[in-house]
Each structure stands twice: as structure tokens, then as C-alpha cells.
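Participant: Below: one structure in C-alpha cells.
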Amino acid sequence: LKAPPKGGRTCCGGAMVQRSIAGARRSVAFLAIAAAALVWMAPDRRSSPTALAQAASTKALRAPNKFLKVPGNDLPIPSIGFGVGTAWFKSAGTAGEAEMAKAVQAALDGGFRHLDEAEIYQNEAATGPALAAWLERSKTPREELFVTGKLLSVDEGVEAVCRRSLDAMRCDYFDLYLVHAPFQMSGAPFATPLPDVWKQMEGLVDKGLVKAIGVSNWRIRDLKQLDGVRIAPCVNQVEAHPYLQQPALLRYCADRNIQVCAYAPLASITKEDLRGGPVDAPVAAAAEAHGVTPAQVLLRWSLQTGRLPITTTSKPERLTEYLSIFDFELSDGEVEAITTEGAKLQKRVFWGDAVDNGEPCFLADPNLEEETRGA
């Protein structure tokens, strides 16, 4: 197919070319969704006849990269990630393990190149074999994937936990490794001070166990404890959606080259207590204007406001939907409308039960937190 010559008029042939190109793009997307669905349902993925079609389609659907600031280089990170937490929590060793393995492989077949794991998900032993099997089947080099891990058991020794996770994941290294929270699951502080935890994280980079280090669920006061460290955190992965925007935290991170990644970016349509809120109207209007779904609009909003989304699904048809967010762009007005309406109802979904000495680690009203109102 050839495009019309530069400077020339678009003739009937040129219009036909454009329609052909559009049709070809739709065909690629259709092949990807069909391939992912077939792999998901196939009892034996190795014998599936869709493997070649999947390999051909992933290049067209692969998410573009952002770049993280790391010592001596910039590390490319795909602009959207597939999380194995909420939908597949504690699936290792259960009846759900096989379904999780199919989900991970379908996500990779569909074009995702960023997998987001964590020690506390308790399913690394399921993700690892699925990842290894996919790499073997697809013949994809490990270097073309971006694998994120997280630890919370810092008092057991950061390196020991990291090595345990790498063994379970059947990986030689993590592309990105995060301290999952600045406190224990309960909210109680670690026995190890955060600056000492961070020195151990830096040691992982020195030993080649991880390429980059960062944090998750850290507040501004936690991040300030890392001022002047040898290797600065390059990511802060936090709950972020129109109903939890934390603009002061976003600015604080941006000023320090810390990329904010957003988990639960679809909370306004997936969480029962957030559905039917004020952002529904501007999201629906944008979806209609662009011929896309509300989920795609919310993922675009996340990207366009500086947050890399980490999403997940147990439905194969959603995979291509989520990766297709790079085919359109919201207008400034649409972004502002969603932001404005979301600010009317700020609410946290996760970590609300974390308490330190009787005081909540996160306030019930996020508008009262430094991360929203600023210092």
C-alpha cells in the first residue's frame, strides 16, 4: 500500500488506500483479540494454531515506552502494565492458578510487555512458570519484557526477599523493584528505618539483581526521608484515579523525576461504592465523542495527567481494548472535565485500614492530606 504523493491531491485511489489501511488496522486488532481469547481457552497452549498470528499481532499492539531516570542511563518502561494482584490474589497453589497462568500468557500474547507482581500477592510461584513458558513458546528475549516486583517483608532482609521472589518468578533480575509501602500491612512501622531499607535497595542495583528501584504507596513525608540518597527512587506506584488525584504528590514526584504509576485506574467503574459518581458524565461524553469505551477514556486520562496505568482483567476481550488507548487522545477540555468532576468526590479504595499507634496512615478524606492540599 502506498500513500498519496506529497503535495498532490488525494484522488479516489488515495481514499481507497486510506480505507485499506484503516481496514488493515482493524483486522490486526481483531486478530489479536481472537488469538488472546483462543489461547485463554485452549487446554494446551503449546499446540494452539494461533501462536503465529499472536506473534504477528503483538508488534502492532505493543505499548510505547516512557523512560525512567536511573544511574547512568534512561530505562524504558512500557506506558501501560498488566497487574497480577487484585484479580489473582493468593492464586498460587489453588484452583485459580491455571486460570491465572492463562491470563498472564494471554496478556503477553495480546501485546502487554509490562508485568506487575508483588510478594504480598502470594502468587509469584504461579506467575513465574507462566512467564517462563511464554518466553519459551514465543521465543521472545527476556530483555523485551519489563517485570516489576515489590517487597513488604523488609525486616527479613531486602536482598533475601528479592532473591526469593526472583527464584519464584524464574527471573535473573527485576527491571523495577519497589518497596510496597512505607509501613507494614497493618500500618505499623518497620523495625528497619526507611533510610536503612533504602540502602539495602541500592545494594540490589549494585549486585545486578534489579535494574531500577522505587516505592509504592509512599506519602510525601516518606519520600522526604530519601532526600540525598545515592540512587533516587524512579517510581512511586500509588492508587490513582479521578476520585483519588493527589495533585501535590504528583507535583512533588514530577519535580524529582519520580514517575507516578497508577494502580486501580478504573476504580470509578469497577468499584461499587464509586460507580454512579460525578465523573460518569464527562467520561461517557468523551467515550461517545471518540467511539471508545469508558475504560479506555479513564486509562487515557491517567496517561495524559502523568500517571502510567497498571490495570488487569480476567477477560481476554479486554486486553486489546486496554492496549488500544494509544489510538486516540483526549482533548484538554475532556481531561479537565474529568479532573474537575472527580475532585468533587475524593475517596481511597485501598490501604484504608492501615493504622499506626491508633492514627490512620491515610485520612478518610484525602482532601485533608498533604498529598492533595500541598504543604
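Participant: First check a/c for the stretch 264-307, with a ≥ b ≥ c the square roots of the eigenvalues of its C-alpha gyration tensor; if it is under 1.5, answer rounded, and if not, answer prolate when a/b is larger than b/c or oblate otherwise.
Facilitator: Taking the square roots of the gyration eigenvalues as a ≥ b ≥ c, the stretch 264-307 is oblate.
Participant: Here is a further query. Report, by chain and number, residues whose modeled amide H sits under 5 Å from the one on Phe174, excluding near sequence neighbours (fewer than 5 apart, same chain).
Facilitator: The list, which skips near neighbours in sequence, is Val210, Lys211.
Participant: Just how far, in whole angstrom, is the stretch 191-264 from the stretch 331-375 if you go by their alpha carbon centroids?
Facilitator: 18 Å
Participant: Oh, and also: Determine the sum of side-chain charges near Leu330: Lys and Arg each +1, Asp and Glu each -1, restricted to other residues whose C-beta is under 10 angstrom from that of Leu330.
Facilitator: Spelling it out: positives minus negatives among the neighbours equals -3.
Participant: Right, here's the next one. Which FRET efficiency value, to the nearest 0.05, do you get for Lys271 and Arg230 by plugging their Cβ-Cβ distance into 1/(1 + (r/R0)^6) with R0 = 35 Å?
Facilitator: Calculated value: 0.35.
Participant: Now for a different question. Show me the ranking of peptides 275-285, 314-324 by mean Cβ neighbours inside 10 Å, starting with the highest.
Facilitator: Per-residue Cβ counts within 10 Å, averaged per peptide and sorted highest first, yield 314-324, 275-285.
Participant: Please calculate how many Å² of accessible area the stretch 65-181 carries per residue, with a 1.4 Å probe and no DNA, RNA or ligand atoms counted.
Facilitator: It amounts to 36 Å² per residue over the stretch 65-181.
Participant: Can you tell me the length gained on complete extension of the stretch Glu288 to Lys199, counting 0.36 nm per residue apart and subtracting the Cα distance?
Facilitator: Length gained, Glu288 through Lys199: 27.1 nm.
Participant: If a paramagnetic tag sat 7 Å from the Cα of Glu370 along the Cα-Cβ line, which residues of the stretch 224-262 would have the backbone N under 16 Å from that point?
Facilitator: Backbone N within reach: 224-228, 246-256.
Participant: Placing unit charges on C-beta atoms (Lys and Arg positive, Asp and Glu negative, everything else neutral), compute the dipole magnitude of the stretch 192-289 about its Cα centre in debye, rounded to 20.
Facilitator: Computed charge dipole of the stretch 192-289: roughly 360 debye.
Participant: Also, I was wondering about something else. Solvent-accessible area per residue for the stretch 188-323 at a 1.4 Å probe radius, Å²?
Facilitator: About 36 Å² of surface per residue is accessible.
Participant: With each pseudo-label sitting 7 Å past Cα toward Cβ, what's the Asn357-Ala132 distance in nm, one decimal?
Facilitator: 4.6 nm
Participant: What FRET efficiency comes out for Lys344 versus Glu143 if R0 is 45 angstrom and r is the Cβ-Cβ distance? Round to the nearest 0.05.
Facilitator: 0.50
The values are calculated or read from the model by the stated rules, or taken from the named source; none is laboratory data. Just so you know, these numbers come straight off a predicted model, no measurement behind them. Cβ coordinates were reconstructed from backbone atoms using ideal geometry, including for glycine residues, and neighbour counts include every protein chain displayed. Only protein heavy atoms, including side chains, enter the accessible area calculation; ligands, DNA and RNA are left aside. Shrake-Rupley method; radii C 1.70, N 1.55, O 1.52, S 1.80 Å.
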